[in-house]
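Structure record follows, encoded as structure tokens.
The values are calculated or read from the model by the stated rules, or taken from the named source; none is laboratory data. Given the structure is predicted, the values throughout are model-derived calculations rather than measurements. With ideal geometry, Cβ positions are generated from the backbone for all residues, glycine too; neighbour counts draw on all protein chains shown.
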Amino acid sequence: MALDQRRLAYLAAMGIEVWVPRVPSARDLGLAQAPGAEPDAPERWAGTLGWDELEAQVERCTACPLHRGRTHTVFGVGCRSAEWMFIGEAPGEQEDLQGEPFVGRAGQLLNEMIRAIGLSREAVYIANVLKCRPPKNRDPAPEEARACEGYLQNQLALVRPKIIVAVGRIAAQNLLNTATPIGKLRGQVHHYQGIPLVVTYHPAYLLRSLAEKRRAWEDLKLALRTFRHLDR
Ligand code: URA
């Protein structure tokens, strides 16, 4: 199947109508705001651990109480030089058992969302704010997110993505250091350490609220337009 046909099939699976691309203006992209620090400035990436060292450090981490209940740490998966990075909240039951992010039902929908923009799980990098599962999938506590923050920052420094998609309220609020509701964070381009960041709904929420899939698709289109605009 040609790429476009395949993408249409994924969109149909997501219950989404066909999108006709157009060239966005900077205003469409929400780029009027200050972009923050240059992502490629060398000082941004100084003082980071390499992949092996970082992964080993996460595996033996005891920085917060969540380490006591974990089966596995959930580090991240995908292409380590990806242009796109998807950041979720925290491992759930399946992720804790398998040691890989987004492998449950929500993960399957995330895969569909990624494929809908012409990418694959293997072509992007996927990580979470937390590397250990909170008990009963409760929201991460602020001190847990703080304890884990350096790992995610180190991953970002290694991957150096061109764009970040914050998947769900918790990821968005933690990355943007805000308590603003997700409904207000969507629909604009934010920046995390100079990297454009677009917020979308968590696939676990979309599984419960099918009507919001259309909005999620709007978010992905915004991310795609933003990404395409970067190379101009
Ligand atoms: N939800 C998340 O936010 N991350 C996962 O890895 C799984 C479910």
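For segment 92-130, filtering for residues that are in a loop (DSSP other than H, G, I, E, B), aliphatic (A, V, I, L, M) and within 26 Å of Glu59 (Cβ to Cβ) leaves 5.
For the subset of segment 78-91 comprising residues that are aliphatic (A, V, I, L, M) and more than 9 Å from the ligand (Cβ to nearest atom), which member is farthest from Leu152 (Cα to Cα)?
Going through segment 78-91, the residues aliphatic (A, V, I, L, M) turn out to be 82, 85, 87, 90.
Checking which are more than 9 Å from the ligand (Cβ to nearest atom) leaves us with 82, 85.
Numbers: Ala82: 15, Met85: 11 Å.
For segment 78-91, the residue satisfying everything is Ala82.
Going by the structure shown, is Tyr205 at pLDDT 95 or above and either touching a His at 6+ places or on another chain (Cβ under 9 Å) or within 14 Å of the ligand (Cβ to nearest atom) (or both)? It is true that Tyr205 is at pLDDT 95 or above and either touching a His at 6+ places or on another chain (Cβ under 9 Å) or within 14 Å of the ligand (Cβ to nearest atom) (or both).
The set of residues in segment 74-95 that are surrounded by 22 or more Cβ atoms within 10 Å (Cβ to Cβ) and farther than 20 Å from Glu122 by Cα contains only Gly92. For segment 48-77, a residue qualifies if it is within 12 Å of the ligand (Cβ to nearest atom) and assigned to a loop (DSSP other than H, G, I, E, B), and the qualifying residues are His72, Thr73, Val74, Phe75, Gly76. Kindly establish whether Met85 is under 29 Å from Arg225 (Cα atoms) and in contact with a Phe, Trp or Tyr (Cβ under 6 Å, 6 or more places away or on another chain). So Met85 passes the test. In segment 92-103 there is no residue matching the filter, namely being among the β-branched types (Val, Ile, Thr), more than 12 Å from the ligand (Cβ to nearest atom) and without any contact (Cβ under 8 Å) to a residue 12 or more places away in the chain.
Among strands (runs of 3 or more DSSP E) lying entirely in segment 159-232, which contain 2 or more residues that are surrounded by fewer than 21 Cβ atoms within 10 Å (Cβ to Cβ)? Even if it seems obvious, please write down each step before you answer.
Numbers: elements: 163-167, 190-192, 195-200.
Of the strands (runs of 3 or more DSSP E) lying wholly inside segment 159-232, those with at least 2 residues that are surrounded by fewer than 21 Cβ atoms within 10 Å (Cβ to Cβ) span 190-192.
The single condition among (1) within 14 Å of the ligand (Cβ to nearest atom); (2) free of Cβ contacts under 8 Å to residues at least 60 places away in the same chain that Val198 does not meet is (1).
Of all the numbered requirements in (1) without any contact (Cβ under 8 Å) to a residue 60 or more places away in the chain; (2) more than 11 Å from the ligand (Cβ to nearest atom), Ile126 misses one, and that requirement is (2).
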